[in-house]
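Derivation of every value follows stated rules applied to the coordinates shown; laboratory data play no part. Remember, it's a predicted structure, so these values are computed and weren't measured experimentally. Cβ coordinates were reconstructed from backbone atoms using ideal geometry, including for glycine residues, and neighbour counts include every protein chain displayed.
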Amino acid sequence: MPNNTKTISDLYNAEPNAKLYDDLQNLFREWKDTLKESSEKEFVEDGFYSFYTVQKKKILFIGREALDMEGSYTEEMLKRYREGAYSPKNQDKKSVSSSAFHRRIIKLAKAFQIAEGTKEFPEWDSLDSNKLAQEIGTEADKLSFAFMNLSKYSNDSGHYSADWALINSFIEGSNTKDKNFFEEQIKLLDPDIIVIANFAPETLGKAEIIAKVPNDSVHLYKIEINGKEIPLFNTYHFSAVISEEDKFYNAIKELYLAYLEKNRFM
């Protein structure tokens, strides 16, 4: 019998993913040409998981940098989500739920999707990140989201702490008078919600803070993308050692539901 299983490349080259994938590739080529003047380090691409463009609520997570990665971050992570191996450093296929970083973004992405219909967030423990990871990008009615890193340079130091010198060198090398490449990538991804991992949102474009939770763990900004206002949540790094229910999930939930209520007639 023929094998009808689609490869990762098949998924990205098929509708409804193809146009966005091609547009991102064109942007990345221009971005790489700009960076050649300042660095020869490899550019690690990122972007979105299959069927992101047909999600009822398009979620974009923005991290800081890839760790020990080459090629495409999102294509590599999609493979690993399906294999149950959350990181290139863990070839023994540890579960997604054992990674704070991936557990948090996957469960939060699903919660945003559920809240789109119910205006309520599910209980944190009711969301199974291992099961959700297996369905990412498989079908149009399954979970998908976008992901990009602030720096497209991989941190190959062997340490998990952010290499801010490397990140800043990427940001500086990306600066041009005519184009904000970060903003251009976000415009192509055209998200409805953005969640970032504790860095200055102004790097991405003109952002204005509009609310924060009492424990100061999450700040809510608004940023204009493609002529529409987008809520942007600036939280701890996705792998930070914190109470993930109180200082991550519930904090974002509180701000988001209040934002929905305030903007429901707009």
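Find which of ILE167, LEU189, TYR221 sits farthest along the positive direction of the dipole of the chain, computed with +1 on the beta-carbon of Lys and Arg, -1 on that of Asp and Glu, about the Cα centre.
The residue sitting most towards the positive pole is TYR221.
Sort 226-236, 139-149 for me by packing, meaning the mean count of neighbouring Cβ atoms within 10 Å per residue, highest on top.
Highest mean packing first, the order is 139-149, 226-236.
Under a point spin-label approximation (7 Å from Cα along Cα-to-Cβ), what is the ASP125-GLU30 distance to one decimal in nm?
Spacing of the two 7 Å Cα→Cβ label points: 5.0 nm.
Roughly what % of DSSP beta bridges within the chain run antiparallel, to the nearest 5?
Of those bridges, close to 50 percent are antiparallel.
Placing unit charges on C-beta atoms (Lys and Arg positive, Asp and Glu negative, everything else neutral), compute the dipole magnitude of the stretch 8-262 about its Cα centre in debye, rounded to 20.
The dipole magnitude comes to about 380 debye.
Using the charge dipole of the stretch 8-262 (Lys, Arg: +1 at Cβ; Asp, Glu: -1 at Cβ; taken about the Cα centre), state which of ALA140, SER151, LEU127 has its Cα farthest towards the positive end.
Final value for the positive-end residue is LEU127.
Could you sort 99-107, 36-44 so that the peptide with the highest average Cβ count within 10 Å comes first and the rest follow in order?
Ranked from most to least packed, the peptides come out as 99-107, 36-44.
DSSP beta bridges in the stretch 47-191, what fraction antiparallel, as a percent rounded to 5?
Among the beta bridges of the stretch 47-191, antiparallel pairing accounts for roughly 25 percent.
For the chain, build the charge dipole from Cβ charges (+1 Lys, Arg; -1 Asp, Glu) around the Cα centre, then report which of VAL44, THR176, SER97 sits farthest towards its positive end.
SER97
Quick check: convex hull of the Cα atoms in the stretch 159-227, volume per residue, rounded to a whole Å³?
On the way: hull volume 8.2 nm³, N = 69.
Normalising the Cα hull of the stretch 159-227 by residue number yields 119 Å³.
Express the relative contact order of the stretch 8-262 as a whole percentage, based on alpha carbon pairs under 8 Å and six or more residues apart in sequence.
Value for the stretch 8-262: 23 percent.
By a straight-distance test (C-alpha under 24 Å), which lysines pair with LYS19 as possible cross-link partners, with residues fewer than eight away in the same chain excluded?
LYS6, LYS32, LYS56, LYS57, LYS58, LYS79, LYS142, LYS152, LYS179, LYS187, LYS228
If each of LYS206 and GLU83 carries a label point 7 Å out from its Cα toward its Cβ, how far apart are those two points in nm?
4.5 nm
Using 1/(1 + (r/R0)^6) with R0 = 25 angstrom and r between the beta carbons of LYS19 and GLU70, what's the FRET efficiency to the nearest 0.05?
0.45
Looking at the chain, what % of the alpha carbon pairs are farther apart than 30 Å?
Within the chain, distances greater than 30 Å cover 25 percent of Cα pairs.
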